[in-house]
Amino acid sequence: MTAEPLTRRSLLQGSAAAAAAIPALGEAQAAPARRKEGAPMTPVGLTVNGREVHLQLDPRTTLLDALREHLHLTGTKKGCDHGQCGACTVIVEGRRINSCLTLAVMHEGDHVTTIEGIGTPEKLHPMQRAFITHDGYQCGYCTPGQICSAVAVLEEIEAGIPSHATQDLDRIAFSESEVRERMSGNICRCAAYPNIVAAIRQVAEEGVKA
Amino acid sequence: MRPFTYSRAASVEEAAKTAAATQGARFIAGGTNLLDLMKLQIEMPTHLIDVNHLGLDRIEPTAEGGLRIGAMVRNTDLAADKMVRRDYAVLSRALLAGASGQLRNKATTGGNLLQRTRCPYFYDTRMPCNKRKPGSGCGALKGMSRSLAILGTSESCIAQHPSDMAVALRLLDASVDTASADGSRRTIPIADFHLLPGDTPEVENALRPGELITSVTLPKPLGGTHVYRKVRDRASYAFALVSVAAVFAKDGQARFAFGGIGTKPWRTDAADAAALSGAAAVAEAALSGARPTEHNAFKQQLTARTLASLYRQKGV
């Protein structure tokens, strides 16, 4: 027996196929074949989670839509699509950004890390494990963005980048108020915030011990 | 988003030339504000010129003892820069009070100066807005104006300027360096860079068509104690209702600039001159000529209280 494991994704894909009459979402993520008008397709090469990819894209395609609709890396989520919620957070060239507010064609040659590149179910990143340990989510929709952001936040503190919560601009150290301020671009409508902070604290403390 | 073509500029000259020669062209830097507005079809450029690869990402001391900040320096890098932290801390503080970590990683110095208002009537394309659609009227004048400006307003527009960074730059007497398609360069004092709305709220700054911001220059450090106090509806990641940037000298003299209350970053000589008379006097001088609405009149008292809190923090 080699039955495919049933995942939420495969279930959703199954139901989408059964309801093929429902039009696809949104204009910007239209696949090439469906494009009716507009600018010539533009080639872009990216390295996503260590893998080189080459795409032909409508210049309107955001990095988020390139990841989800073209590379089928659906771990990165589309929440508000306006840079307000942080669900689309990915790490580009070592920096966390909102992938919804940047065009894929602007990232020629860039290295992108999504939640799929942070860890896998078999080999979780310490931050993923800590989110599970501390129940850092309920519905889970914001979680990939929260985790990408949290991983980058600890690196930012390590690199001595100050924040609004930093008392002395020359003394940057981990604290819960630093985490809360630095994570404010990631909204969790289930309000798992105390547990998210606990998860990040655990990883920070493990890092110190290591 | 409406369709557009995209090109990557290889030099400042090429970028300015392409922009001047292409109808409907816009520069794109961080894109955090422009793409947001393009999705809402408030901005509808037909061509985007990517100016991220022009080597405008350095922070260097000037011969005059100041600092030249490349237009593509990210807000995160500017706030974290050692020279900025040491000599222009009010600029670090203002930057860190704005946006989120993700946005600051992308947003640029030049782009921040050009960001558009967050007036709800500018954002809602079903509403009249003289800034978005000249001549259509102002929905805000008799509408929800709680977040909007009380200074520098006109019968056409009461939209507030949204930037924190620009308030600190106004305080520091920064200047904006530009390049034009004909190869000419010029420097615009920050005080003259942003324009009052008057009858033409759609014209927001002194840039000519195709003119590209290449850097922002700070004069030599002022010394003193630098403070940026921002009051907003949430403790983080929200625009200012009122913000005050200040530098206090040892003798009690000070200078002030204000965000959230003006149609441009707000600064008056009278407010600076009142520094020794205390917070209430500074507030009165700064708010001279204010024309609040029913909904945003609270910003006057909030400005006075923010200043009072600043004076207490400073211990003067």
### Message
With farther than 24 Å from A:THR113 by Cβ, outside any loop (DSSP other than H, G, I, E, B) and at pLDDT below 95 as the only criterion, which of A:ALA24, A:ALA39, A:ALA20, A:ALA33 stands out?
### Response
A:ALA33
### Message
Taking the conditions exactly as written (in contact with a Lys or Arg (Cβ under 9 Å, 6 or more places away or on another chain) and either assigned to a loop (DSSP other than H, G, I, E, B) or within 14 Å of another protein chain (Cβ to nearest Cβ) (or both)), does B:LEU222 satisfy them or not?
### Response
yes
### Task
Answer yes if at least one residue in segment A:46-68 is more than 10 Å from chain B (Cβ to nearest Cβ), part of a strand (DSSP E or B), closer than 22 Å to B:ALA107 by Cβ and modelled with pLDDT of 95 or more, and no otherwise.
yes
### Message
What's the total number of residues in segment B:107-141 that are closer than 23 Å to B:THR217 by Cβ and of a type outside the set (Ser, Thr, Tyr)?
### Response
7
## Note on the structure
Checked segment B:250-273 for anything in contact (Cβ under 8 Å) with a residue 12 or more places away in the chain and either in a loop (DSSP other than H, G, I, E, B) or at positive phi (or both); matches are B:LYS250, B:GLY252, B:GLN253, B:GLY260, B:ILE261, B:THR263, B:LYS264, B:PRO265, B:ARG267, B:THR268
### Task
Select the helices (runs of 4 or more DSSP H) contained entirely in segment A:93-210, then report the ones holding at least 3 residues which are within 12 Å of chain B (Cβ to nearest Cβ), crowded, with 24+ Cβ neighbours inside 10 Å and touching a strand residue (DSSP E or B) at 6+ places or on another chain (Cβ under 9 Å).
A:143-158
### Message
For segment A:48-62, which positions are open to solvent by 20 Å² or more (accessible area, probe 1.4 Å) and within 19 Å of A:VAL92 (Cα to Cα)?
### Response
A:ASN49, A:GLY50, A:ARG51, A:GLU52, A:HIS54, A:LEU55
### Task
Can you confirm whether segment B:233-243 contains a residue that is in a helix (DSSP H, G or I), out of contact with any Pro (no Cβ under 9 Å at 6 or more places or on another chain) and of a type in the set (D, E, K, R)?
no
### Task
Select from segment B:207-225 the residues that are closer than 26 Å to B:PRO61 by Cβ and surrounded by fewer than 16 Cβ atoms within 10 Å (Cβ to Cβ) and list them in ascending order.
B:PRO219, B:LYS220, B:GLY223
### Message
Looking at the structure I just gave you, is B:LEU113 open to solvent by less than 10 Å² (accessible area, probe 1.4 Å), over 30 Å from B:ASP77 (Cα atoms) and modelled with pLDDT of 95 or more?
### Response
no
### B:TYR228 vs. criteria among the aromatic types (Phe, Trp, Tyr), open to solvent by 10 Å² or more (accessible area, probe 1.4 Å) and over 15 Å from the mean Cα position of the chain (by Cα)
no
### Per-region count, segment B:265-299, residues more than 22 Å from B:HIS194 (Cα to Cα) and surrounded by fewer than 19 Cβ atoms within 10 Å (Cβ to Cβ)
11
### Query
Which residue pairs have Cβ atoms under 6 Å apart, sit 6 or more places apart or on different chains, and have a first residue in segment A:79-106 that is within 17 Å of B:MET38 (Cα to Cα) and a second that is of a type outside the set (A, V, I, L, M, F, W, C) and in a strand (DSSP E or B)?
A:GLY83/A:ASN98; A:CYS100/A:THR62; A:VAL105/A:THR42; A:VAL105/B:TYR6; A:MET106/B:ASP50
### Summary
Taking segment B:95-136 and keeping only residues that are among the β-branched types (Val, Ile, Thr), within 14 Å of another protein chain (Cβ to nearest Cβ) and part of a loop (DSSP other than H, G, I, E, B), one is left with none
### Query
Just one of B:GLY278, B:GLY223, B:GLY252, B:GLY289 is more than 18 Å from B:THR117 (Cα to Cα) and at pLDDT below 95; which is it?
B:GLY252
#### Entry: Restricting segment A:83-92 to residues that are in contact with a Lys or Arg (Cβ under 7 Å, 6 or more places away or on another chain) and outside any strand (DSSP E or B), the residue that is surrounded by the fewest Cβ atoms within 10 Å (Cβ to Cβ)
A:ALA87
#### Entry: Hey, B:SER145 of a type outside the set (Phe, Trp, Tyr), assigned to a loop (DSSP other than H, G, I, E, B), touching a Pro at 6+ places or on another chain (Cβ under 9 Å) and open to solvent by 10 Å² or more (accessible area, probe 1.4 Å) or not
no
### Query
Only one residue in B:LEU276, B:LEU307 is closer than 21 Å to B:GLY224 by Cα and in contact (Cβ under 8 Å) with a residue 60 or more places away in the chain, so which one is that?
B:LEU307
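The values are calculated or read from the model by the stated rules, or taken from the named source; none is laboratory data. All values reported here derive from a predicted model rather than from experimental measurement. Note that each Cβ is placed from the backbone with ideal geometry, even for glycine, and that neighbours are counted across all protein chains shown. With ligands, DNA and RNA removed, areas are computed over all heavy atoms of the protein, side chains included. Shrake-Rupley method; radii C 1.70, N 1.55, O 1.52, S 1.80 Å.
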